[in-house]
Amino acid sequence: MPDNIPADSVGIVVPQVAHFDQALSLSCGTELAQYDLIYETYGSLNAERSNAILICHALSGDHHAAGYHAMDDKKPGWWDNAIGPGKPIDTSRFYVICLNNLGGCGGSTGPTTVNPETNQVWGADFPIVTVEDWVESQARLADKLGIDTFAAIVGGSLGGMQVLQWSIRYPERLKSAVIIASAPKLSTQNIAFNEVARQSISRDPEFHQGDYHAKQTLPRNGLGLARMLGHITYLSTDSLGEKFGRTMRHDEYQYNYDIDFEVESYLRYQGEAFTKRFDANTYMLMTKALDYFDPAAKADGDLSKVLSVAKCDFLLVSFSTDWRFSPERSEEIVDALVKAGKHVSYARVEASQGHDAFLFPLPRYMAALTGFLNRTHNKLLASTNKGAN
Amino acid sequence: MRADLDIINEWVQPKSRVLDLGCGEGELLSHIIGNKEVQGYGLEIDAAHINQCIENGVPVLEHDLDKGLDNFDNESFDLVVMTHALQQFRRPDLLLDEMLRVGKECIITFPNFGHWRNRIHLGLKGHMPVSEFLPYNWYDTPNIHFCTFKDFETLCQEKGIKILRSAAVDGQLRDRWWIKAMPNLFSETAIFHVSR
């Protein structure tokens, strides 16, 4: 709980909801007749409507990227250390938008909301949406907010995939792209991890093929397990080791299957806490969206060909100990961009935190982000001045 | 701009695709991107330099050159440049091969160890040269493979590398007759433009 709002915070924020009546055709072949997107904005849009930055969230993120909803919030938004006045994504210069993606459970239309056609909670009937579908829906939100071109679109992990898709699908609509700890497609190992996560949810007897809402229950064990597994893959061997080592709960082994090691307790807590804030169907759907993303497939695996249409400047960042989205995966994107002759810079940041590093305010990472967005801002000013002359 | 960079700037073809190995803060690249409309990328390993390039809008890729250039296709660049860095690598000869695989042409600059001041240092004083230009001690220098103007010519000959042109500069001086006549003795920096 903040006793008072820090000077570099965006402060108290109020989410807004945009309703869309125009049907959205989805990759899976069906369409959503209508839907809501919940979003937050920080900073103010300039007169030219040119200073907007879109933040794309990752698997378990939502629209609440920065600031507080109330003075008694325990924590600020998920990327508060990068978004705010004077921070790398500087809200005194930029108008920052973050939305909860379709299929999410933060307030946008998804498995936990009511299907207006049936008046029932969507549950398992909610169609699987893809990164392409998300970008489509984000573009419609931009239309609604009167934003033709983003100064930048920024995202980490699954969020980075959305940024990449934006640069391919709407090259005219963004000036710069920041892709952090991401990949052009999942590795086999990543898909395998996702499958174990999904299986642990779907094999929970309380899952009921996804219709647990109707049965007034929740697949807590399955979702908790999925999160425990995911959590391990987001941390590095070293960071987990440094945090817990072999620290034990009791002085000696218990010779039973309760908690011996602190890391067990930590994982159980993480799993448990996650089930209180996240929906199992959304988790299933988000992992599928990750699995399906492969923009290069359209060009026989030639990513540089697909990226040839891109017009924005790119910044890519990876983290040395990230093994879920390793630096080599970011470098695949970098190599393709170089081959396609695009303006790209790349930083491989030394970090001990594994994949989670993208949420930490690491000085070098923050400096790269600041430098890149400073330049974005300067170019914006230059083109505004040019327009005025 | 440094005298060697000035010469490279003159040699670069407008609108070509250039890869600068060890680009530092991107001084050369930002110059030739602006003046010659080249499509340029720098490879760098120093975090502070990388951030400076990003801030300056010079495309820079974090890359450990000791691991080679495997990720770049054959002849994917018109020109590969390396200024004052060749002598810092474990196998300059292999790196040179790699540069000539990735680039159609290469420009390399390096400190000429045959410069008269170095000869005096070593020959008369009996110490490894330490100067404003080469400020390191033998034990902490990143320059592990010093060579002379002549040595490089020999290497090119042995490898069948064509020397398209060369130049020699002494501090900010260039094009002086004595440097041109005896580059191995009078050039502080050697500059070679080569191809296969």
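The values are calculated or read from the model by the stated rules, or taken from the named source; none is laboratory data. Because the structure is a prediction, the values reported are computed rather than measured. Here the Cβ positions follow ideal geometry from the backbone for every residue, glycine too, while neighbour counts run over all protein chains shown. Surface accessibility is based on the protein's heavy atoms, side chains included, excluding ligands, DNA and RNA. Shrake-Rupley method; radii C 1.70, N 1.55, O 1.52, S 1.80 Å.
Quick rundown of the values:
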{"quantity": "Elements of type strands (runs of 3 or more DSSP E) in region A:1-108, at least 1 residues being of a type in the set (A, V, I, L, M, F, W, C) and open to solvent by 50 Å² or more (accessible area, probe 1.4 Å)", "calculated": "A:16-20"}
{"quantity": "Pairs where the first residue, in region A:9-26, is over 30 Å from A:K74 (Cβ atoms) and in contact (Cβ under 8 Å) with a residue 40 or more places away in the chain and the second is hydroxyl-bearing (S, T, Y) and not in a strand (DSSP E or B), C-beta under 8 Å, 6+ apart", "calculated": "A:F20/A:S137; A:L24/A:S137; A:L26/A:T130"}
{"quantity": "Residue in region A:269-290 that is acidic (D, E), farther than 17 Å from A:L158 by Cβ and within 14 Å of chain B (Cβ to nearest Cβ) present", "calculated": "no"}
{"quantity": "Number of the exception - A:S345 against (1) within 9 Å of chain B (Cβ to nearest Cβ); (2) touching a residue at least 60 places away in the same chain (Cβ under 8 Å)", "calculated": "(2)"}
{"quantity": "Hits in region B:40-98 - residues which are at the interface with chain A (Cβ under 9 Å from one of its Cβ atoms), under 30 Å from A:M366 (Cβ atoms), open to solvent by 60 Å² or more (accessible area, probe 1.4 Å) and of a type in the set (D, E)", "calculated": "B:E55"}
{"quantity": "Residue match in region A:309-316 (condition: surrounded by fewer than 17 Cβ atoms within 10 Å (Cβ to Cβ) and free of Cβ contacts under 8 Å to residues at least 40 places away in the same chain)", "calculated": "no"}
{"quantity": "Hits in region A:123-147 (condition: within 20 Å of A:S167 (Cβ to Cβ) and among the charged types (D, E, K, R))", "calculated": "A:E132, A:D133, A:E136, A:R140, A:D143"}
{"quantity": "Residues located in region A:366-382, provided they are more than 7 Å from chain B (Cβ to nearest Cβ), open to solvent by 10 Å² or more (accessible area, probe 1.4 Å) and either acidic (D, E) or under 18 Å from A:I179 (Cβ atoms) (or both)", "calculated": "A:M366, A:T370, A:T376"}
{"quantity": "Selection within region B:99-109 - open to solvent by 60 Å² or more (accessible area, probe 1.4 Å) and over 16 Å from B:V38 (Cα atoms)", "calculated": "B:R101"}
{"quantity": "Complete set of residues in region B:64-94 that are within 17 Å of B:Y41 (Cβ to Cβ) and within 17 Å of the chain's Cα centre (by Cα)", "calculated": "B:D64, B:L65, B:G68, B:L69, B:F77, B:D78, B:L79, B:V80, B:V81, B:M82, B:T83, B:A85"}
{"quantity": "Top-ranked residue of region B:141-177 - restricted to ones that are closer than 18 Å to B:I7 by Cα and among the aromatic types (F, W, Y), ranked as least open to solvent (accessible area, probe 1.4 Å)", "calculated": "B:F149"}
